[in-house]
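What follows is calculated from the coordinates using simple rules that are stated; it is not laboratory data. The shown structure was predicted, so the numbers you read here are calculated from the model rather than taken from an experiment. All Cβ positions, glycine included, derive from the backbone under ideal geometry; neighbour counts span all protein chains shown.
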Amino acid sequence: MIVQENLRLGYSLDSDEQLHFRFSRPEQMPLVASVFVASSACPGTTTKKVWSYALEELNGVTTVTVQPVWEYPDDYCKTQTQGLIWSQREEMAAFQAMLDKASTSTAAP
């Protein structure tokens, strides 16, 4: 479900390790957060919105850890990250709905 939903939203699957997924898509950072971004000075490097998911199963319960970040080039064209404030109600509601849908679709009959 995590893969399907992120692909539907236009993200690319960058990493598909066992129980870990990383998705990204080029996107413009909000003005406040983009003060130190040098993407225009770094050819071939773009600012990206990145979502990483780590799944861990313990005693039959799967825990999902989500880490959203901005990935951007600094003054030396090195990749830097900045935490993405994940407080938008629609993002949180969409993620919870995805988890709810996944739990009902994988439940044993």
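What the table shows:
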read-out: Footprinting exposure proxy for Met98, Met1, Met29 (fewest neighbouring C-beta atoms within 10 Å first); value: Met1, Met98, Met29
read-out: Cα-based reach from Lys78 at 26 Å (exclusive), listing lysines while leaving out same-chain residues under 8 positions away; value: Lys48, Lys49
